[in-house]
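Down below is the structure, laid out as structure tokens.
The values are calculated or read from the model by the stated rules, or taken from the named source; none is laboratory data. None of the values given here were measured: they were computed from a predicted structure. Here the Cβ is made from the backbone with ideal geometry for all residues, glycine too, and neighbour counts use every protein chain on show.
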Amino acid sequence: MESFPSSDLMMKSPVLICSNCGGRFDVDASYTKSLDQNLELLRSGNAVLSAEAALFPEFIMHAEFDLFRYDREIQRHLDTVERLRRDRAEVEEYIKQKKSLLAPIRRLPPELLCAIFKEATRAEDPLSSLRIALVCTSWRRLALSTHSLWSMISLDFQCPPSKVPRDSYGAWIPLYLRRSRNEPLQIDLRDSRHNDADLNTWPSQAVVSSLFAQAQRWRDVHISFMHCRSFFFLGNFIKEITFPRLELLDVTYFGGSNVLDTMTSVILLAPNLRTLSLKGHLLSNGDGTPMPSNRIRTFKADMVLNRPLEVLSHLISLTLLMHDYSYNNLQAIIKPLSLPNLSSLSLVHEKGGSTGCLFKFAHLEHLLQSCADSLRSIRFLDLPIEAKDLILVLEKVPRLHNLVIHWPKTSRTSIEAIIRYLAGMRQVKLPQLTSLELVWCQEVNEEMVVDMVQMRMTCTPLRRVALGRDLSCANLRDKTKRRMQDLRSIGLCSRAGLERMDGVSEDL
């Protein structure tokens, strides 16, 4: 072992390198004591004596040699650690692969795995199908062979992120069109821009043209626009294109102009359209002025279309969602309607809206006259309507099978008047009624309600009942629950909020 030229360096114990073989890294000296001495000398500001200064180059040379030995030893161990990490990663990957081979999803038949893929694809994420195909080779092979997985196409008319060039935005659409082969397409077109200033860019003409070139494959179309110019842009592509396989058209629009003409063009060119849903400013008065969204919010229809004038005459389902404005303008739309095939009518007052204005029988009289023989289901949800008007409505539809009434905060007298009407002391009303759902928001005479149910279960075909306060099949009094349980035990009624409290009453 080499000797050091100064006594300020003490002998250092070797560093244990391997606990198995006892291998050690041996350096000649410890520098701890010398560091403390040097620090005191540096703080003092005194100069080093000439005799000591002459020895410093040798001290430094020996220290640099030890530093080299440390670096070499550290590098040797770093190489060992790096190799250990690589070997560990191989073992970890081996474990992952073996576990993957035992994964339950590998035992799923391709048909079930395809169903999971379809559930995982979302309209709001246009690249979800691509992500599935990038998971592994087998998933990619299955995804490419499942043409329906590529049949959901979504396009947002808004500007893409600044990093995405406009010409390349939507480039996946031609790829989806090729991979979907001849599968019917579900198209989702969105644009949430409000102002004209925002409408300075549109999707690539090539992308939109490729989409409309496959219009004969469109089956479900969902459109949600906030500005009329989005419809006008769309209209440039519609022209004389036909939509022979289009079965569902869902349109949401809250702009300021009437764009129903653009949608009429689509309707005329879709002979097999079955379901139409128009929401927002699409319905207009006779003068062409769009109805405010808080007067008529939703218009839904199941239909077979031949000519525009025949659209409404083929309706079998009609839903009107209303808010807190006067209902008088409903007459402008409903009065001209003649719906001899209508079987389901839903009148819904939006929750949270004011109930200052009352819905009148006169608003529906003409409509009910046209569908009295075909109407089988009526739903009144939170609709502010007086008992006398509601009774007049029910008198017009004697063949009703299903009746749902959810009362808003109204008088107890009004609710009990309807209960007495349904009880029909002298003559049974609605003799063909088979399903009844009543929900109230305040205290009522529940004993009177159960008496009515018992009478109808005994004397009419009524076999399904759901009662509740605030919620269907919930919050009934204990006495009411016991009586309804007794009715069920003798086979007269279904579980009306007794053993099942999830809002669904079972048929007998």
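Quick one: in the stretch 180-205, which of the residues that are of a type in the set (Gly, Ala, Ser) and at pLDDT below 80 is surrounded by the fewest Cβ atoms within 10 Å (Cβ to Cβ)? Steps first, please.
Looking only at the stretch 180-205, we keep the residues that are of a type in the set (Gly, Ala, Ser), and these are 180, 192, 197, 204.
Add one more test, that the residue is at pLDDT below 80, and what stays is 192, 197, 204.
Numbers: 192: 14, 197: 7, 204: 17.
Once the filter is applied, the top-ranked residue is 197.
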Exercise for the section: Starting from the stretch 240-263, take each residue that is within 16 Å of residue 214 (Cα to Cα) and list its partners that are among the acidic types (Asp, Glu) and modelled with pLDDT under 80, counting only C-beta distances under 9 angstrom and pairs at least six apart or across chains. Expected result: none
Exercise for the section: Would you tally the residues in the stretch 204-255 being over 24 Å from the mean Cα position of the chain (by Cα) and in a helix (DSSP H, G or I)? Expected result: 21
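Listed here are the residues, each with its yes/no results for (1) within 23 Å of residue 367 (Cα to Cα); (2) under 36 Å from the mean Cα position of the chain (by Cα); (3) modelled with pLDDT of 90 or more; (4) not in a helix (DSSP H, G or I).
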residue	(1), (2), (3), (4)
392	yes, no, yes, no
409	no, yes, no, yes
414	no, no, no, no
438	no, yes, yes, yes
468	no, yes, no, yes
471	no, yes, no, yes
Exercise for the section: Go through the residues of the stretch 107-125 one by one and say whether even a single one is modelled with pLDDT under 90, under 41 Å from the mean Cα position of the chain (by Cα), of a type in the set (Gly, Ala, Ser) and not in a helix (DSSP H, G or I). Expected result: yes
Exercise for the section: Scan the stretch 131-152 and give yes if some residue there is surrounded by 13 or more Cβ atoms within 10 Å (Cβ to Cβ), outside any helix (DSSP H, G or I), touching a Phe, Trp or Tyr at 6+ places or on another chain (Cβ under 9 Å) and not small (Gly, Ala, Ser), otherwise no. Expected result: yes
Exercise for the section: Identify all residues within the stretch 209-247 that are hydrophobic (A, V, I, L, M, F, W, C) and at pLDDT 85 or above; write none if there are none. Expected result: 211, 212, 213, 215, 218, 221, 223, 243, 246
Practice task
Would you point out the residue of the stretch 228-253, among those that are touching a Ser or Thr at 6+ places or on another chain (Cβ under 6 Å) and of a type outside the set (A, V, I, L, M, F, W, C), that is nearest to residue 193 (Cα to Cα)?
Solution key: 252
Practice task
Just give me the residues in the stretch 203-252 being touching a helix residue (DSSP H, G or I) at 6+ places or on another chain (Cβ under 9 Å), among the charged types (D, E, K, R) and over 19 Å from residue 172 (Cβ atoms), in sequence order.
Solution key: 229, 239, 245
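Here's the yes/no breakdown for (1) assigned to a loop (DSSP other than H, G, I, E, B); (2) at pLDDT below 70; (3) surrounded by 10 or more Cβ atoms within 10 Å (Cβ to Cβ); (4) under 60 Å from the mean Cα position of the chain (by Cα):
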| residue | (1), (2), (3), (4) |
| --- | --- |
| 20 | yes, yes, no, no |
| 28 | yes, yes, yes, no |
| 34 | no, yes, yes, no |
| 63 | no, no, yes, no |
| 77 | no, no, yes, yes |
| 83 | no, no, yes, yes |
| 87 | no, no, yes, yes |
| 94 | no, no, yes, yes |
